[in-house]
Amino acid sequence: MYNIPSGKKRVDILTLVALFLVFIGYKHARGSALLETLGDSTELSGMLARVESTGISATYFNPALLSFAPAQFKAGFFTIGQNLSIKLMDRPSGVDISDAIYRARQLNPDGTTSRLEIRPLPTAELRAKRGSYDASGWLSFFEFGTVVGFGAKRPFSLGFFALIPTADFQGQQPFFVDEREQYFSNSLHFELLEDRFSGAVFVLALAWRPLGWLSLGAGALMANSTRAVSGIFMPDASNQQDARTISRVSVNTRLVPHFGVVAEDQSWRVAATLHFPLQNKVVGQGELQFWNYDYPEGQTALYQNFSFVHGFLPWRVSLGGRYLLGPPQGLGGWLSADILWSQWSAYQNRMNERPLDHWSDTFAPTLGGGLRVGMHEISLQAGYVPSPVPAQTGRTNYVDNDRLQLGLGYQWRFDLGSSRLSLGAHLSAIHLLYRSVKKSPDAEHPVIDEFPDSVDIATNQFIPESAGLQTNNPGYPGFSSSGWLFSLGVALRYCR
Amino acid sequence: MRLTTVWLVVLFFSATTSCSGSNSVADASMEEYLDGADGGADSAADWSGCGDHCAKVDAESLPGSYAMFQVNSRIVNVPVVGQSRSETRTKALVTVTRRDQEHLDMLIRVCDLEQVSETTLVEVVFPEAFLKSLEAYPRLIELRPDLGINNFTSPLAVEVYGARLENPQTDPLPTEASDSRVYDQDGDGKPGITIRVTGIVDGEIWLVQRNSSTLSGLFESADRWSGLIDSEVEQVYLGSDNPALSKPNESWKDPDPSHSYFIMVRVGEDKDCSWIVDNWGTLFP
């Protein structure tokens, strides 16, 4: 681990703040789910960054650590592979929805009939094949940032951290977690992975070291709120491919705070963090106009509201510590541990809905350590992240797994003239432990019978295909999930 | 985003009209169904029958059973779509008897109804309960040799559905389901008669309706009659289980009278409605 270099040159704080504001101007910055999953992907600390980070990632994970990080510029690159598997159980016979539903009226217990309350499509007419979506693939990111110290004894440190995907600057691929997904991908999705990983992150933080052994830090991560209004005029409703459409979009940036505190002596370090909940909201309205149409009183169009939430992260609190083994230079090492509490019980999904079956808060422990030999350091982390998602025996299909995480870091420091450089690399492997679930009629919120007992609209005769349970819920009658995540990152750090 | 549905309910049926087997609004008019070169009536006013080309049909040979096919065409101003032509096609069994030298009596039993529109966003379905509730109704035929060989007319006939009116021809239709004149004609527990709609919008409509029509036609032979229908339709929606179907669309008679017509072909005395429906393609190829 680095010691704080002395005699650092001052970098103008205004430059740093201006840089942050420039990125605010982009108004694209969003979630940090990727960071929460992988930790620091380009340096030694890896999944223990809340305790060990000595680089720009402290800006996000624990801003109090900025006081102990060398003043630096850092640039890195990492890639993450998602090898994800969802296997859907075969559907039993008789659960498909037939096209008789187009001529059906629901049969009520009293013998009367009523309109169908939900509108599934005939199974054979679904646009996408069940389970055809595959989220596996690779994503790559650039990261860069700086740590700047101020004052003779460096009571203040400022950090800036940016993470930018090489492909989509901000990707959002929302989906429904129940039978409503039949109209779209007709597949299941990993709730806490996939599109939550795509998107940029911009963080600015300040650390204050009032005492030599104590550092306090506060940071802000940029999130955004988007409002989109689509105006549509349809001159002929019988030709719905002909429409005049305009779209108005406004994006507002919000700063989501996080805090850290670190206390340490020559051997011990205790670190704690608090991260506020984060969500990037997209709310909007479709304003639909028709030719020759009587709108409801007080309206000049038909309004269709929608709301999405992307990259939701709940309250997070961590507590961890590190113990140094051996002298601060030469041959030595360290042991670290951290536990992260996440209030997943407050989760809001991509459709801005709370899960029907409530999620649990989680405690995720991580252990690690490292070895230093001269200018070379290696580190190892192991963690377990329990899933907050209960068994999906009912209507919803939140796919999530307990995770076992392993990380391996390496760093080589070398001098170049009067400057000190370090080359870091990190490799991590995350195993999504196999999980299987079968739907149960006894679930608190069971799978919906989308084609309830019905009669033909012309003959009033019972429709045999409506007897019993019919559903297009892609998760019915059950599914299993597992997978691996891999990441490999490298970074170059320049310290003055 | 939830897309707002667009509805198209074109709902004017007439038990005095009858049906073809086509599934789209026919561009064909009456002339396509008439025999010979003299079948080109362009309007009811010009209707002149066979002229000199038809052999005179002996009225004594006309009584019997007939399958009747009626097409009643209207233009409907449909919100969000515009004007659209809509046909109500009726399949009926008709029993013809001789009243006197100058008159025949028809007893018409509707076997099936179908509504076809130029747009296909929705389909109107006439439930069997409604069809079964339709009683056979009489119609007078006046033999009119003064209009031409084999010509006939049928004076104004009025049918009211879903309401009992003291003066069916002139009393205003009830506008509220609570009106004592409204009754549950099809016995489904809903006021008036129930029509169902399916497609991009669906639901039930409870309504009362009055049809007023006259016929003018000719006996092409002792086994085949044809002619034009001149009708008016009044309709009041009493309710619906879908607010999007809460009021009827403005409509008017198709300006081309040849689009509303009827054809009758003789069938055996023992034939009933189910036989007519089953053999429709043969009767009216």
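Quick notes
- Any hit, segment A:158-175, residues being at pLDDT 95 or above, farther than 30 Å from A:SER454 by Cβ and either open to solvent by 40 Å² or more (accessible area, probe 1.4 Å) or among the aromatic types (Phe, Trp, Tyr) (or both): yes
- Counting only residues that are over 24 Å from B:VAL182 (Cα atoms) and in contact with a strand residue (DSSP E or B) (Cβ under 6 Å, 6 or more places away or on another chain), segment B:221-249 holds 8 of them.
- Unmet requirement for A:ARG105, which otherwise passes all of (1) crowded, with 20+ Cβ neighbours inside 10 Å; (2) out of contact with any Leu (no Cβ under 9 Å at 6 or more places or on another chain); (3) of a type outside the set (A, V, I, L, M, F, W, C): (2)
- Hits in segment A:89-102 - residues which are among the aliphatic types (A, V, I, L, M) and either crowded, with 18+ Cβ neighbours inside 10 Å or farther than 30 Å from A:GLY137 by Cβ (or both): A:VAL95, A:ILE97, A:ALA100, A:ILE101
- Members of segment B:110-156 found to be aliphatic (A, V, I, L, M), over 24 Å from B:VAL236 (Cβ atoms) and open to solvent by 20 Å² or more (accessible area, probe 1.4 Å), listed by number: B:ALA136, B:LEU140, B:LEU143, B:LEU147, B:ILE149
- For segment A:89-102, a residue qualifies if it is over 30 Å from B:VAL197 (Cβ atoms) and either among the polar types (S, T, N, Q) or within 24 Å of the chain's Cα centre (by Cα) (or both), and exactly one does: A:SER93.
- Residue under evaluation B:GLU234, criteria (1) open to solvent by 50 Å² or more (accessible area, probe 1.4 Å); (2) closer than 27 Å to B:LEU173 by Cβ; (3) within 14 Å of another protein chain (Cβ to nearest Cβ); (4) modelled with pLDDT of 90 or more, criterion not met: (3)
- Qualifying residue in segment B:261-272 (condition: modelled with pLDDT of 95 or more, open to solvent by 40 Å² or more (accessible area, probe 1.4 Å), over 22 Å from B:GLU159 (Cα atoms) and assigned to a strand (DSSP E or B)): yes
- A single entry from A:GLY131, A:GLY111, A:GLY137 fulfils the requirement of being open to solvent by 20 Å² or more (accessible area, probe 1.4 Å) and under 30 Å from A:ASN460 (Cα atoms): A:GLY111.
- Some residue of segment A:55-77 being out of contact with any Phe, Trp or Tyr (no Cβ under 7 Å at 6 or more places or on another chain), closer than 25 Å to A:TRP484 by Cα, away from chain B (no Cβ under 14 Å) and open to solvent by 20 Å² or more (accessible area, probe 1.4 Å): no
- Pairing residues of segment B:139-156 that are part of a strand (DSSP E or B) with residues that are open to solvent by 60 Å² or more (accessible area, probe 1.4 Å), at Cβ distances under 6 Å and at least 6 apart in sequence or on separate chains, gives B:LEU143/B:GLU102; B:ASN151/B:ARG144; B:PHE152/B:ARG144; B:THR153/B:ARG144.
- In the set A:ALA220, A:ALA152, A:ALA228, A:ALA205, only one residue is part of a loop (DSSP other than H, G, I, E, B) and either surrounded by fewer than 22 Cβ atoms within 10 Å (Cβ to Cβ) or of a type in the set (A, V, I, L, M, F, W, C) (or both); that residue is A:ALA152.
- The C-beta contact set for segment A:291-311 (first residue at the interface with chain B (Cβ under 10 Å from one of its Cβ atoms), second residue among the hydroxyl-bearing types (Ser, Thr, Tyr), distance under 6 angstrom, 6+ apart or interchain) comprises A:LEU302/B:THR4.
- Single residue of A:LEU367, A:LEU288, A:LEU371 found to be modelled with pLDDT under 95 and either assigned to a strand (DSSP E or B) or in contact with a helix residue (DSSP H, G or I) (Cβ under 6 Å, 6 or more places away or on another chain) (or both): A:LEU288
- Flag if B:GLU159 is open to solvent by less than 20 Å² (accessible area, probe 1.4 Å), outside any loop (DSSP other than H, G, I, E, B), among the acidic types (Asp, Glu) and without any contact (Cβ under 8 Å) to a residue 60 or more places away in the chain: no
- Among the residues here, A:LEU255 does not qualify as over 30 Å from the mean Cα position of the chain (by Cα), in a strand (DSSP E or B) and under 30 Å from A:ALA69 (Cα atoms).
- In this entry, A:ALA223 is excluded by the filter for residues that are out of contact with any helix residue (DSSP H, G or I) (no Cβ under 6 Å at 6 or more places or on another chain), within 14 Å of chain B (Cβ to nearest Cβ) and among the hydrophobic types (A, V, I, L, M, F, W, C).
- Boolean, A:LEU211 is more than 28 Å from A:ASP400 (Cβ to Cβ), surrounded by 22 or more Cβ atoms within 10 Å (Cβ to Cβ) and of a type outside the set (Gly, Ala, Ser): no
- Just one residue in the set A:ALA64, A:ALA128, A:ALA75, A:ALA49 is assigned to a loop (DSSP other than H, G, I, E, B) and farther than 30 Å from B:PHE126 by Cα; that residue is A:ALA128.
- Residue in segment B:240-247 that is part of a strand (DSSP E or B), in contact with a helix residue (DSSP H, G or I) (Cβ under 8 Å, 6 or more places away or on another chain), at pLDDT below 95 and of a type outside the set (Val, Ile, Thr) present: no
- Residue check, A:ALA200 buried (at least 16 other Cβ atoms within 10 Å of the Cβ), of a type outside the set (S, T, N, Q) and touching a residue at least 40 places away in the same chain (Cβ under 8 Å): yes
- Qualifying residue in segment A:271-283 (condition: of a type in the set (S, T, N, Q), part of a strand (DSSP E or B), within 14 Å of chain B (Cβ to nearest Cβ) and under 30 Å from A:SER360 (Cβ atoms)): no
- A:SER418 open to solvent by less than 70 Å² (accessible area, probe 1.4 Å) and either farther than 18 Å from A:ASN401 by Cα or touching a strand residue (DSSP E or B) at 6+ places or on another chain (Cβ under 7 Å) (or both): no
- Whichever residue in segment B:162-195 is surrounded by fewer than 22 Cβ atoms within 10 Å (Cβ to Cβ) and under 19 Å from the mean Cα position of the chain (by Cα) and, among such residues, is nearest to A:ASN460 (Cα to Cα): B:PRO168
- Hits in segment B:180-231 - residues which are assigned to a strand (DSSP E or B), on the phi > 0 side of the Ramachandran plot and within 11 Å of chain A (Cβ to nearest Cβ): B:GLY199, B:GLY203
- Residues located in segment B:211-228, provided they are open to solvent by less than 10 Å² (accessible area, probe 1.4 Å) and of a type outside the set (A, V, I, L, M, F, W, C): B:ASN211, B:SER213, B:GLY217, B:SER226, B:GLY227
The values are calculated or read from the model by the stated rules, or taken from the named source; none is laboratory data. Treat the numbers as computed from the prediction; the structure is a model and nothing was measured. Here the Cβ is made from the backbone with ideal geometry for all residues, glycine too, and neighbour counts use every protein chain on show. These area figures cover heavy atoms from the full protein model, side chains too; ligands, DNA and RNA do not enter into them. Shrake-Rupley method; radii C 1.70, N 1.55, O 1.52, S 1.80 Å.
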